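Step one of this worksheet: look at the structure below.
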Amino acid sequence: MIAGVAGGLGEWLGVDSVLVRLAFVVLSLAGGVGIALYLILFAVSREETEAPERVRPGGGRQRTLAAILVLAGVLLVLRSIGLWFGDAFVWPVAIAAFGSAIIWVRADRSGRGWQPGFPLRPQSANGEAPSAPSISPARLLFGAVLVAGGTAAFLASNTSRGAIGTVIVATAVTLSGLALIIGPWIMRLARQLGDERRERIRVEERQDVAAHLHDSVLQTLALIQRSDDPARMAALARVQERELRSWLYRPQNPQRGDLLSTAVDALAERIELAHRIRVESVVVGDCPVDDGLQAVVDACGEALTNAAKHSGAAWVSLYVEVDADAVTAYVRDQGKGFDPGAVPEDRRGIADSIRGRLQRHGGTVEVVSAPGNGTEVRLTLPRSAE
Amino acid sequence: MSGAPAGTRVFIVDDHRLFLAGVRAELGAAFEIVGEADDVEGAIRAIGEAQPDVVLVDVHMPGGGGAAVVEAVGRTHPDVRFLALSASDAAEDVIGVIRSGARGYVTKTISPADLVDAVRRVREGDAVFSPRLAGFVLDAFADTQPQVLDPELDRLSTREREVLRLIARGYTYKDIAGELHLSVKTVETHVSSVLRKLQLSNRHQLTRWATERRIV
């Protein structure tokens, strides 16, 4: 986290930046090669100025393994050249670094392609990558054993036997002292981090809500104030109410576009807006929309439009029921009604169209009406066994 | 017909000031408005003192909402009848307040004439079901569970189901009576029976909402 070189190189190679950092550390023990490499790369890279949107990649598992093997190979080469601080020095550290890598390197399935160019990626600019998937206990244990083993081997080979015990005790005491001193501080930091994250989420939610309300409700209210036609005002208010209601009460599950209830809601909204009539829609049960059901929805639309244009009623009810063996829909108004038998040939267009739509898919239509008694259109579509 | 049995005393509970004033104006001609309240605590207290026949209560209020008022008053004054009147028509809100003891639920877009009619119905001990509420009930009682806990409470009879479907289709009680060849009184009895089941049934769909809201 010094100059973002590890992060940038990791992004470019498609490998976790943690691995790159560990590689630098290990290489620097091979005659200081790592440090030199770091400085060279820092000099030749260019600063990335735009705010990065991409998530830092975890790197493919194959790529990570390849990087580790390449590193081992390079170490051996450097050893044979002579750029080496000593076996007892480098190998334990390499083992410990490997253990650390096992714990911390995130290797997800997706590999990343080779990116042209080699931009620096300062870590502070965009914050951390999204939290890594939880580490399995097996990995944690294996990695911890390797780290402990590497550390112990380092101590064993570089200090005398007796001194090991002293060193271990001294380390333990130092660590406990440190824990007592900075432990509470770290816990407070962690809690603050959690609080800030929650606050940020709250702010984002609030901005979401504000944006939605601004786009919809505020505009509609402005339109209403500018209108002087009560019917239009009522229609606008009704449509906005419907939209706000559905937004409020179905925010969790994203609207499944293929459900019958969604299609019915959309239809009711469309009719209300186009014809200034209130549509009371009730749906019992639900299912995905197929061709036959789409025909039912369209037929309902025709029936509703008919009611809006000819019945003279202020509202019309739409009831759809989904059973295991059939879907039934009823479009009913309490308007002036008509005598189905007395409709002249040339005006049968709508009824025939509705009937035709349904019959093509094996459904039936029944129109019940009497003058002064409203009209009801009953649509039935048998469902094929699934 | 409009009007009510002489002197129906109505109390209104709503935290939305403008709406409260509107309802008072709409109902003032037909009923005697004996009081108003705009919060849960005040409502429980004032209803206890005024002892109205029917209370119009909004669902969404801070401090537990309409359901809290219905529950609290129901314990001390079981004769007071509640009609929920709300902008929301989300299933949880509707079912919640009915299970607390309200006898009916209408949305705030209802016309004044229909509201007067609904209040009168509740006053006479009947239930008021909007098409949407009927839809909810049909949904909640849809599947026949393999082991039904209480066959009397957890299932709808065929007749009740028919009546509910007709309500959901926008039929008035008179139309239902004509369609099913029953008297209006019989229709009202069926609807009241459905209300009772809705209030008392332990069906999973109904209790699930209650536990999600932490009212049992």
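Descriptive notes on the structure:
- Backbone HN-Hα couplings from phi across the stretch B:26-34 [Karplus 6.51/-1.76/1.60, Hz, Gly and Pro as x]: 5, 8, x, 6, 8, 10, 9, 7, 9
- Heavy-atom accessible area buried between chains B and A is around 1600 Å² (1.4 Å probe, both sides summed).
- Contact-buried residues of the stretch B:162-192, at a threshold of 50 Å² lost accessible area versus the chain by itself: B:ARG165, B:ARG169 (1.4 Å probe; DNA, RNA and ligands ignored).
- Think of each Lys and Arg Cβ as +1 and each Asp and Glu Cβ as -1; about the Cα centre, that makes the dipole of the stretch A:198-334 roughly 680 debye.
- Overall form of chain B per C-alpha gyration tensor (a/c, 1.5; a/b vs b/c): oblate
- Accessible-area composition of the stretch B:1-87, carbon plus sulfur, in percent [1.4 Å probe]: 52 percent
- For the stretch A:164-281, accessible area per residue (1.4 Å probe, heavy atoms of protein chains only), Å²: 72 Å²
- For A:ALA308, the shell of other residues with beta-carbons less than 14 Å away shows a net charge of +2, using +1 for Lys and Arg and -1 for Asp and Glu.
- At least 40 Å² of accessible area lost relative to the chain alone, listed for the stretch A:316-342 with a 1.4 Å probe: A:TYR319, A:TYR330, A:ARG332
- Average Cα contact separation per residue, the stretch B:1-84, under 8 Å, 6 or more apart, as relative contact order %: 31 percent
- Residues in chain B average 45 Å² of solvent-accessible surface per residue, probe 1.4 Å, ligands and nucleic acids excluded.
- Listed residue (B:ILE110, B:VAL163, B:PRO78) projecting farthest to the positive dipole end of chain B, Cβ model: B:VAL163
- Three-way shape call for the stretch B:94-210 based on the alpha-carbon gyration tensor, with the a/c threshold at 1.5: oblate
- A simple rule links phi to the HN-Hα coupling: the Karplus curve 6.51 cos²θ - 1.76 cosθ + 1.60 with θ = phi - 60°, which for the stretch A:328-339 gives 10, 10, 10, 10, 10, 10, 9, x, 7, x, 7, 9 Hz, with x for Gly and Pro.
- For A:VAL20, solvent-accessible area (1.4 Å; no DNA, RNA or ligand), Å²: 10 Å²
- The stretch B:41-99, relative contact order in percent, only Cα pairs under 8 angstrom and at least six apart counted: 40 percent
- Within the straight-line cut-off of under 21 Å between alpha carbons, the lysines reachable from A:LYS309 are A:LYS336, sequence neighbours fewer than 8 places apart in one chain being disregarded.
- When A:THR364, A:THR220 are compared by accessible area at a 1.4 angstrom probe, the order from most to least is A:THR364, A:THR220.
- Using a cutoff of 8 angstrom between alpha carbon atoms and counting only pairs six or more residues apart, the relative contact order for the stretch B:35-191 works out to 16 percent.
- Element breakdown for the stretch A:207-340 at a 1.4 angstrom probe: carbon and sulfur atoms account for 54% of the accessible area.
- Summed residue charge, Cβ within 11 Å of A:LEU267's Cβ, Lys/Arg positive, Asp/Glu negative: -4
- Karplus 3J(HN,Hα) series, Hz, for the stretch A:88-102 with 6.51 cos²θ - 1.76 cosθ + 1.60 (x for Gly, Pro): 4, 8, 6, 5, x, 5, 4, 4, 4, 5, 4, x, 4, 4, 4
- Residues of type lysines that B:LYS197 reaches as a straight line, Cα spacing below 28 Å, ignoring anything fewer than 8 places off in the same chain: B:LYS108, B:LYS174, B:LYS185
The values are calculated or read from the model by the stated rules, or taken from the named source; none is laboratory data. The structure displayed is predicted, hence computed values, not measured ones. Glycine also receives a Cβ, built like all others from the backbone with ideal geometry; neighbour counts cover every protein chain displayed. Surface areas here come from the heavy atoms of the whole protein model, side chains and all, with no ligands, DNA or RNA. Shrake-Rupley method; radii C 1.70, N 1.55, O 1.52, S 1.80 Å.
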